[in-house]
Amino acid sequence: MRTQVCIIGGGPSGLLLSELLYRHGIDSVVLERQSRTHVLGRIRAGVLEFGTVELLRRAGVGARMDRQGIIHDGIVVAAEGRAFRVDFRQHVGKQVMVYGQTEITQDLYDAADARDGRIIHGVDAVTLNDLETDAPWVSYGLDGTTERIDCDFVAGCDGFHGVSRRSIPARVLREYEKVYPFGWLGVLSETPPASDEVLYANHPDGFALCSMRNTALSRYYIQTSLDDHVDNWSDQAFWDTLRRRLPAHIADTMITGPSIEKSIAPLRSYVAEPMRWGRLFLAGDAAHIVPPTGAKGLNLAASDIHYLFSAISAYYDGDPDLLDTYSDRALARVWNAIRFSWWFTERMHRFPGQTGIEQRLQEAEIAYLEQSEFAQKSLAENYVGMPY
Ligand code: RFL
Ligand code: PHB
């Protein structure tokens, strides 16, 4: 088989790239290890920067998002039993949109189906070959046979555990990593959200987050220890712990119900450099991971795809130079989001062995955020997303 761009990974990065390329008349094939049902079953991101919203519109998949997404003007931060708002519109004149990653992925699959896009599920043993030449090729297994795709470019959109990043020689790849000593236990429930806006709570027992997918579907997280397991958490234990970590006026009015999804995610900051090797271009979680505090992961995947699509489309339009600057342009934005997510994570979580003064310093930081217009502007600017 031959295509112009072979995309490894059918998550949001890979599907979005494929859609943008199609609209520019560039052919691609997406290779995905899992089934479509599996990909759509992963409950992940919920908060979109407006850069992401605009890119999805540009890819022609904005209609349902614009009907069902909820625009938020700010977030709520809580500590020491109090809560206050950071108003994005007031501080930076921008907003974010709440619309689930599952819905985006569904919209992208629907758009690919409508144009008979080639997305091949259930592939294994993917190998990337001759990446340093002008004629790279990809081999993969499907139903016991080995297949080959010849292409101009390979887009590595296969997430943190994918094969693409590992295809860059060790002498070239630089990795930067910080693993946090805790995870997030997330619960999805068919209940109205406890807070109208996304709420981040610092509490001496650990962090808590109230979010939502729509007015009847809530998403909550609590900080847990790394060795914890979902089986240790009955719904009742989850709700009791969450309530204790929230300000009383929110805890008292929160409506709880059975969980329809429960999972634990570890937290890490990770960057791989460079994001290009020959004809291979990494994008999204394949190249970097942020802790979810600040909701940057999917948004960074989208900005990578913006830069990568611009570079590949310019190449086919006769200007190959943007390919050379892809890695640097993407990484500049990535490192700022890595910094912001690290900063917010450090302020909001309880660290093992945290001393009294460290807890009070966190509280003083949050009190400063509550009082200072400048501190709020900085948070707002980063949360809504730096320009591309
Ligand atoms: P994905 O979504 O991991 O997709 C990669 C795809 O590649 C496939 N794959 C392979 N396919 C073929 N061959 C191989 N060898 C392969 N290896 C892997 C995988 O099956 C998969 O389908 O990466 P992508 O597309 O770069 O998208 C990144 C986002 O999924 C991720 O950054 C966000 O979900 C992060 N994130 C959040 N981001 C936000 O912007 N806002 C949020 O509110 C937010 N909340 C979250 C999050 C991530 C979370 N978890 C569980 C990690 C909340 C959580 C709890
Ligand atoms: C979510 O809704 O899943 C969510 C919201 C904000 C975050 C992380 C996750 O910072």
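Working note: Karplus 6.51/-1.76/1.60 with θ = phi - 60° gives the range 342-352 the couplings 5, 4, 5, 5, 5, 6, 9, 9, 8, 9, x Hz, where Gly and Pro are set to x.
With a cut-off of 13 Å on the backbone N, the residues of the range 141-170 near the modelled label site 7 Å out from ALA125 along Cα-Cβ are 141-148.
Semi-axes of the equivalent ellipsoid for the range 252-388, computed as √(5λ) from the eigenvalues of its C-alpha gyration tensor and ordered from largest down, come to 35, 19, 15 Å.
For the pair THR133 and ALA367 in one chain, pulling the backbone fully straight at 0.36 nm per residue adds 78.7 nm over the alpha carbon distance. Charge tally for TYR99 (other residues, Cβ to Cβ under 14 Å; Lys, Arg +1; Asp, Glu -1): +1. The phi-based Karplus calculation (6.51 cos²θ - 1.76 cosθ + 1.60; θ = phi - 60°) puts the 3J(HN,Hα) values of the range 153-159 at 9, 10, 9, x, 10, 9, x Hz, whole numbers, x for Gly and Pro. Take every pair of alpha-carbon atoms less than 8 Å apart whose residues are at least six positions apart; their mean separation over the length of the chain yields a relative contact order of 20 percent. If only the Cβ of Lys and Arg carry +1 and only the Cβ of Asp and Glu carry -1, the dipole of the range 45-204 around its Cα centre is close to 540 debye. Within the range 164-252, the proportion of C-alpha pairs whose separation exceeds 22 Å stands at 39%.
Once you have the Cα-Cα distance between ALA63 and HIS24, take 0.36 nm times their residue separation minus that, and quote the gain in nm to one decimal.
Once the chain is fully extended between ALA63 and HIS24, it gains 12.1 nm.
A crude spin-label estimate for the pair ASP235 and ARG89, with each label 7 Å from Cα along the Cβ direction, gives 3.5 nm. For the chain, CYS157, CYS210 have no disulfide-compatible partner, since no other Cys C-beta lies under 4.7 Å from theirs.
In the chain, what percent of the accessible surface is made up of carbon and sulfur (1.4 Å probe, ligands and nucleic acids excluded)?
Working: 8070 of 16100 Å².
Answer for the chain: carbon and sulfur cover 50 percent of the accessible area.
If one puts a single equal scatterer on every Cα of the chain and applies the Debye formula without solvent, what log₁₀ I(q)/I(0) results at q = 0.09, 0.10, 0.11, 0.13 Å⁻¹? Each listed q corresponds, in turn, to -0.53, -0.66, -0.79, -1.08.
Counting Lys and Arg as +1 and Asp and Glu as -1 over every other residue whose Cβ lies under 15 Å from the Cβ of VAL123, the net charge comes to -1.
Taking all protein chains into account, the per residue accessible area for the chain stands at 42 Å² (1.4 Å probe).
Count the net charge of all other residues whose Cβ sits under 14 Å from the Cβ of GLU80, scoring Lys and Arg as +1 and Asp and Glu as -1. Summing Lys/Arg as +1 and Asp/Glu as -1 gives +2. Projecting label points 7 angstrom from Cα along Cα→Cβ for ILE71 and GLU175 puts them 4.3 nm apart. Note: relative contact order over the range 117-198, using C-alpha pairs below 8 Å and six or more positions apart, is 17 percent.
Is the C-alpha gyration tensor of the range 3-75 telling us rounded, prolate or oblate? Criteria: a/c under 1.5 is rounded; beyond that, a/b larger than b/c is prolate, otherwise oblate.
Details: a/c = 2.58, a/b = 1.43, b/c = 1.81.
Oblate, since a/c reaches 1.5 and b/c is not below a/b.
Applied to the range 380-388, the Karplus parametrisation 6.51 cos²θ - 1.76 cosθ + 1.60 on θ = phi - 60° returns per-residue 3J(HN,Hα) values of 4, 4, 6, 5, 6, x, 5, x, 6 Hz, with x for Gly and Pro. Which of GLY385, HIS121, ALA59 sits closest to the plus end of the dipole of the chain, meaning its Cα is farthest towards the positive end, when Lys and Arg get +1 and Asp and Glu get -1 on the C-beta? Value: GLY385. With the simple spin-label model, which puts each label point 7 Å out from Cα in the Cβ direction, the ARG243 to PHE160 separation comes to 3.2 nm.
By its C-alpha gyration tensor, with a ≥ b ≥ c as the square roots of the eigenvalues, how is the range 1-132 shaped: rounded for a/c under 1.5, else prolate for a/b larger than b/c, else oblate? Prolate shape, in that a/c is at least 1.5 and a/b is the bigger ratio. Rounded if a/c is under 1.5, else prolate if a/b is larger than b/c, else oblate: which is the range 110-198, with a ≥ b ≥ c the root eigenvalues of its Cα gyration tensor? Oblate is the answer for the range 110-198, as a/c is 1.5 or above yet b/c matches or exceeds a/b.
The values are calculated or read from the model by the stated rules, or taken from the named source; none is laboratory data. On a predicted model such as this, the values are computed, not experimentally measured, just so you know. Don't worry about glycine lacking a Cβ; one is built from the backbone with ideal geometry, like all the others, and counts go over all protein chains shown. Ligands, DNA and RNA are excluded from the accessible area calculation, which covers all protein heavy atoms including side chains. Shrake-Rupley method; radii C 1.70, N 1.55, O 1.52, S 1.80 Å.
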